[in-house]
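Working notes, beginning with the structure itself.
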Amino acid sequence: MLAPTNLRIIIVLLFSFGFNALHAQQVINSTGNSTRLEIFTISYSVGETAVQTLKSSNGSYLTQGVLQPQIPIPSKPLVTLPFRRGVCLGEAIEIEFSTLLVFAQDNEFTIELSDENGSFANPNIIGKVKGTTLRKVPIQVPSTLKPVDYLIRVVSSSPKEIGQTTNLLVRKKPNANFTLPTSACTGDTVFTTFTGKDTIKSSNFIWNFTDGLLEKKQATNQQGNIWSIDGTKKTSLIIDNDGCKSDPVEQNIKIERRIAPAQITCGTPSGNSITFNWSQVGGATDYKEKVLSGATEAGVKKGNSLTFPNVAPGTKIKIEVQATGPGACGVSVDTQTCTTIICPSLSATLAQNQVSVCAGEPARTSLTLGGARGVYRVVYTTDGTKLDTLSVLSGQLFDFFPEQNTNYTFLAVGNAALPGCYTTLNKPVFQVRVTPNNFPGKPEAALLVCDNQESPILLDDLLKDEFPGGKWSSAAVTSGESFDSLAGTFIPKGNKAGKYFFVYTVEKKNGCNERAASVEINVEQKSIINIKDYSSCTDSMLETKISLRDLSFQVNPSAPNTVRWYTDQALSQEIREAELIVKAERVIYGKSGQGVCASGATPVTLKLSEEKDKLPLPVLEGPSLLTVGDILELRTSSSYPPNSLFYWQRPDSTLRPVRNLYALPPIRVNVKNTGRYTLYVQLPQGKNTCISPTGFIDIQVIEKNAPKLQIKKIVGENSPWIIEGIENYQDYTINIFNRWGELVHSIKGPYLNDWKGTCTKTCNGEILPQGTYYYEISIKEIPKKLTPIGALYVVRTNP
């Protein structure tokens with residue numbers, strides 16, 4: 001055994017009161033301070049645990065152990081720990097220190113403060129407390145100090161030891177008053193002016209605006225902000241003097257919606273006139289129009305339009321429309337300039353007026369147009385009501401592609417350079433006779449479905465008027481038997497997200513060529529939110545800022561902008577803040593994706609660590625018992641900020657840290673893989689203190705002929721101890737031990753799954769005290785090396 005002076009790794013043994021990884025660590029985190037093992041007095045640090053199973057001399061088993069990382073022996077036996085932020089005058093804080101010394105019962109710890117120059121010639125005593133094992137001393141920073149940098153140290157009386165010094169930044173608490181207008185309009189830049197005091201060069205101004213957009217490049221003492229949504233808004237300011245924060249100051253401002261402009265457009269020119277039209281504006285009670293240039297008359301007003309008749313060709317007229325409504329923000333102005341034209345007179349003659357074609361083949365004719373050269377736009381109809389247009393050149397052939405007998409009646413023609421200027425024709429008709437037996441149908445719009453849909457899609461429903469007897473085919477790679485070409489069906493489930501095209505082909509018949517039509521099905525991934533909780537490091541105030549963008553990226557890395565967060569499950573109130581300040585555990589609700597494939601409302605718990613600069617514990621999920629040859633899959637359901645480093649360790653190897661490695665790579669196990677699997681997580685910035693406790697799970701790998709028992713871990717007056725599979729054996733003994741290795745209960749098979757935590761060996765059949773106990777199941781036909789052992793937890797209704 002090493003001599004105490006050579007010890008550089010402190011190993012601490014502590015009885016674990018947990019029956020699984022999470023519970024064990026919670027208990028260890030809240031249990032005692034030191035114990036004595038042989039010749040050593042040893043201590044442990046809360047939260048850094050590594051537990052193993054040991055066998056005692058009397059043959060019993062117990063789980064124990066806390067492994068403290070290797071640490072250097074400090075330069076002084078009494079070290080005052082750094083206080084990591086500035087403190088305010090008059091603020092109550094706790095000064096922490098570390099030591100390996102053992103103190104007498106009359107020992108008193110004293111906190112000494114230096115003078116302004118860092119001298120302890122006449123130290124200022126600012127805190128005292130008697131004790132031997134405590135490692136914190138509460139103090140109140142004197143309000144009479146000057147706000148400068150000091151040194152502090154802890155001093156013990158028995159033994160007399162002066163601790164290593166550390167810095168203490170003392171600052172005056174700032175005042176965060178500011179002014180801003182009481183009201184403004186949406187879209188206006190509103191300035192807030194700082195009127196507070198007691199700031200320093202390094203002061204951090206923390207502004208917060210409800211539903212606001214902060215103007216960039218503004219001085220810290222004057223911030224410009226724009227609101228786009230009306231209502232009563234809140235502006236707040238906190239000033240941080242190196243950690244000494246002001247009280248928050250809040251003020252409200254009433255934002256009124258500015259009335260929208262009238263959006264003036266030019267009407268279609270007709271003859272020698274022009275018409276201006278403007279849209280109806282919500283909230284407007286009146287519209288005032290004004291001619292700015294180009295016309296001497298006021299024009300003819302009708303509703304929301306203004307017409308200028310009998311205007312010379314090429315005249316430019318500019319008008320203004322002012323929309324008005326109630327309130328200070330009820331005024332807006334829009335302007336528009338329009339130009340008049342004169343329509344020329346045109347004529348049109350058809351080259352041929354009747355053809356016969358197969359369905360889908362071009363039906364060709366031409367128009368001889370009288371008038372100026374250029375591109376002409378012809379207006380025609382096929383049913384007497386719906387109008388279509390066609391761009392043609394005079395005397396050039398143009399095509400129609402009818403699928404059935406169709407008459408094309410030409411109604412008007414105009415030069416494309418003069419939009420809206422047409423000459424009415426004498427209605428010449430172009431007749432097309434169609435052989436329809438090869439028409440593959442007209443495709444409907446692309447169909448959007450989710451990748452979890454199990455019901456088949458009938459592809460015929462995506463075509464209109466198709467000729468029967470065709471065949472379906474697909475060039476897309478589909479999963480398994482999801483596409484049935486004979487039935488013409490497609491099942492989305494099991495296929496990757498993407499576009500799928502299916503072709504309907506009608507074979508050549510009656511002199512008409514083979515034809516095909518293609519339909520499109522867009523398979524979209526069904527969005528889900530597969531995290532239950534999310535956490536980040538807490539600061540010295542035991543609160544944290546959680547970025548909703550980071551959280552959205554964790555939920556949907558490929559499309560974080562489609563994730564929305566709400567305060568309630570009904571998704572009625574969206575959270576619009578970019579960051580949430582979390583002071584206690586909080587549940588928010590997320591929705592990922594859009595349209596029919598969006599996720600439902602999913603709760604996500606925002607968690608806090610119980611210690612500053614700590615990430616919460618990762619909870620590991622996986623089997624506790626495997627057989628040789630099984631595949632081990634292990635993951636954590638906890639969630640952390642993007643790119644966090646995951647440190648996984650197997651019983652036989654340590655993996656290099658990998659970002660976002662929520663699942664351990666699967667392995668095929670053998671008996672050497674029995675043992676403890678651990679994980680801790682660290683933020684990506686590399687801050688050594690921003691790290692989680694170590695989560696772990698114990699996994700046993702047994703031979704294929706070993707007993708397979710499912711053993712319940714909780715026992716109580718209302719919850720008997722269940723061992724599933726024990727009925728498959730006849731000759732066995734079950735022994736229960738307390739944490740000191742004393743036998744408290746013994747069962748000789750057969751066991752009827754009825755033990756409720758009674759004690760028969762040392763306490764006359766009474767219920768055992770609440771706590772952790774250990775079992776050993778000795779089965780005659782099973783080799784002793786495969787004897788099932790483990791821990792269970794006895795719960796009492798009235799402990």
message = Taking the Cα centre as origin and putting +1 on Lys and Arg beta-carbons and -1 on Asp and Glu beta-carbons, what dipole magnitude results for the stretch 78-171, to the nearest 20 debye?
response = 180
task = Provide, as a two-decimal number, the C-alpha radius of gyration of the chain over 2.2 N^0.38 Å, N being how many residues it has.
result = 1.47
Binned Cα-Cα distances of the stretch 591-739, short to long, each 5 Å bin given as a whole percent = 2, 7, 13, 15, 14, 14, 13, 10, 7, 4, 1, 0, 0
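How big is the C-alpha Rg of the stretch 483-619 next to the rule-of-thumb value 2.2 N^0.38 Å, as a ratio? The partial results should precede the final answer.
On the way: Rg = 23.5 Å, N = 137, 2.2 N^0.38 = 14.3 Å.
Here the answer is 1.65, to two decimals.
In the stretch 347-435, what is the volume of the convex hull around the alpha carbon atoms, normalised per residue and reported in Å³? Kindly include the intermediate steps, with their values, before the conclusion.
Values: hull volume 7.4 nm³, N = 89.
Normalising the Cα hull of the stretch 347-435 by residue number yields 83 Å³.
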remark   = Projected onto their principal axes, the Cα atoms of the stretch 178-256 stretch, largest extent first, over whole-Å spans of 37, 24, 18
ask   = On average over all directions, what projected area in square nanometres does the stretch 264-339 have, based on the convex hull of its Cα atoms?
value = 4.8
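Which of Lys173, Lys318 comes first, and how do the rest follow, when ranked by fewest Cβ neighbours within 10 Å?
Working: Lys173 19, Lys318 15.
Ascending number of Cβ neighbours within 10 Å: Lys318, Lys173.
Averaging sequence separations of C-alpha pairs under 8 Å and six or more residues apart, then dividing by the length of the stretch 497-597, give the relative contact order as a whole percent. Walk me through the numbers on the way to the answer.
Details: 136 pairs, mean separation 24.0, N = 101.
Answer for the stretch 497-597 is 24 percent.
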request  = Rounded to whole Hz and in sequence order, give me ³J(HN,Hα) for the stretch 246-254 from the Karplus expression 6.51 cos²θ - 1.76 cosθ + 1.60, θ = phi - 60°, writing x for Gly and Pro.
outcome  = 6, 5, x, 10, 10, 9, 9, 9, 8
ask   = Near Lys173, which lysines are there with a Cα under 20 Å away, not counting those fewer than 8 places off in the same chain?
value = Lys146, Lys197, Lys201, Lys245
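May I ask you to sort Ile575, Ile319 by Cβ crowding, counting other Cβ atoms within 10 Å and putting the fewest first?
Numbers: Ile575 14, Ile319 23.
Starting with the residue having the fewest Cβ neighbours, the order is Ile575, Ile319.
With all distinct Cα pairs included, what does the Kirkwood hydrodynamic radius of the stretch 538-613 come out to in Å, to one decimal, could you say? Provide the component values of the computation, followed by the final result.
Values: mean 1/r = 0.0763 Å⁻¹.
Radius from the Kirkwood sum: 13.1 Å.
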query = Direction-averaged shadow area of the convex hull around the Cα atoms of the stretch 710-795, nm²?
reply = 5.3
remark   = Ordered by number, the trypsin sites (Lys or Arg not before Pro) in the stretch 220-300 that occupy a DSSP loop and have at most 14 other Cβ atoms within 10 Å are none
The stretch 651-799 - convex hull of alpha carbons, volume per residue in Å³ = 165
inquiry  = Suppose only helical runs count, i.e. DSSP H with n ≥ 4. What mean residue ellipticity at 222 nm does that imply for the chain under -39500 (n - 2.57) per run, divided by all residues and rounded to the nearest 500 deg cm²/dmol?
reply    = -500 deg cm²/dmol
note = A student applying the Cα gyration tensor rule (rounded when a/c is under 1.5; otherwise prolate if a/b is larger than b/c, oblate if not) would label the stretch 78-171 prolate
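According to the Cα gyration tensor, what semi-axes, each the square root of 5 times an eigenvalue, does the equivalent ellipsoid of the stretch 620-702 have, listed from largest to smallest in whole Å?
Details: eigenvalues 128, 25, 22 Å².
In descending order, the three semi-axes are 25, 11, 10 Å.
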key: the chain - charge dipole about Cα centre, Lys and Arg +1 at Cβ, Asp and Glu -1, debye rounded to 20   = 1040
note = Simple SL model, points at 7 angstrom along Cα→Cβ for Asn405 and Gln105; separation in nm is 11.9
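Rounded to a whole number, what is D in µm²/s for the stretch 388-521 from Stokes-Einstein with the Kirkwood radius over alpha-carbon pairs (10 °C, 1.306 mPa s)? Working shown, then result.
Numbers: Rh = 18.1 Å.
Answer, rounded: 88 µm²/s.
Rule-based calculations on the coordinates, nothing more; no lab input. Keep in mind the model is a prediction, meaning the values are calculated, not measured. Every residue, glycine as well, gets a Cβ built from its backbone with ideal geometry; the counts of neighbours run over all protein chains shown.
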